[in-house]
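**Q** Could you have a look at this structure, given as structure tokens, before my questions?
The values are calculated or read from the model by the stated rules, or taken from the named source; none is laboratory data. Quantities reported herein were computed from a predicted structural model and do not represent experimental measurements. Note that each Cβ is placed from the backbone with ideal geometry, even for glycine, and that neighbours are counted across all protein chains shown. Side chains included, ligands, DNA and RNA excluded: accessible areas come from the protein's heavy atoms. Shrake-Rupley method; radii C 1.70, N 1.55, O 1.52, S 1.80 Å.
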Amino acid sequence: MDPHDASAAYAPHALPEDERLAFERHLEDCEACRGEVAELQATAALLGRAAAVTPPAALREEILRKVATTPQEAPARPRAASAPPRQAPAAPEPVPVTPTADGGAYAPSRQLPRLMLAACVAAVLACLGIATWQYQEAQDARATAERVQERAYGQDRLGSTSDRPATIPAHE
């Protein structure tokens, strides 16, 4: 038996004495197996704290009644002979669980989607703020250009008799 395969049986103390002793010798040199055993034992401890509750007698009847009245999906059509068979999706990787001091469990990888969503929302809001600021700056520049053009046109009509173009003042 490969000692790397014994972690799952060792954690709940399910190995025979001789295999347990051999696996414990293996644990002294294998950090990966020590980590796996620690995770399995932590999970077993969390499961051990769970309380078994007998469901109410009426629950079974209620579930059977709902099953009988819930519409079922139609069976899938058979595929054409030329289509390749669908492969089952790969099993997801197990989520590492770290026990907390209060007896709960902490799974950091479950928070990652929430953090990614928050980062995306923040990025969208930042882009909207920048776009609004740029639009306002463009409006201000357009208004300034129109005022300068009106002033230059007004000076040319009032005082200039030559054919040279009106000068635009450097400062307002």
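**Q** Apply 1/(1 + (r/R0)^6) to the Cβ-Cβ distance of Glu150 and Ile130, taking R0 = 22 Å, and write down the FRET efficiency to the nearest 0.05.
**A** Using R0 = 22 Å, I get an efficiency of 0.10.
**Q** Let me check something: with ligands and nucleic acids excluded, how do Thr43, Thr69 order by accessible area (1.4 Å probe), largest to smallest?
**A** Greatest to least solvent exposure: Thr69, Thr43.
**Q** Further question on the same structure: Of Leu59, Ala45, Ala9, which is farthest towards the positive pole of region 1-63's charge dipole, taken about the Cα centre with +1 and -1 on the beta-carbons of Lys, Arg and Asp, Glu respectively?
**A** Most positive-ward Cα: Leu59.
**Q** Considering only protein heavy atoms, with the full assembly of protein chains and a 1.4 angstrom probe, order Thr132, Thr70, Thr54, Thr144 by accessible area, largest first.
**A** Thr54, Thr132, Thr70, Thr144
**Q** At 0.36 nm per residue, and after removing the present C-alpha to C-alpha distance, how many nm does the segment from Arg49 to Lys66 gain when stretched out fully?
**A** Details: separation 17, 0.36 × 17 = 6.12 nm, distance 3.16 nm.
Using 0.36 nm per residue and subtracting the Cα-Cα distance, I get 3.0 nm.
**Q** Using a 1.4 Å probe, what is the accessible area per residue for region 1-70, in Å²?
**A** 76
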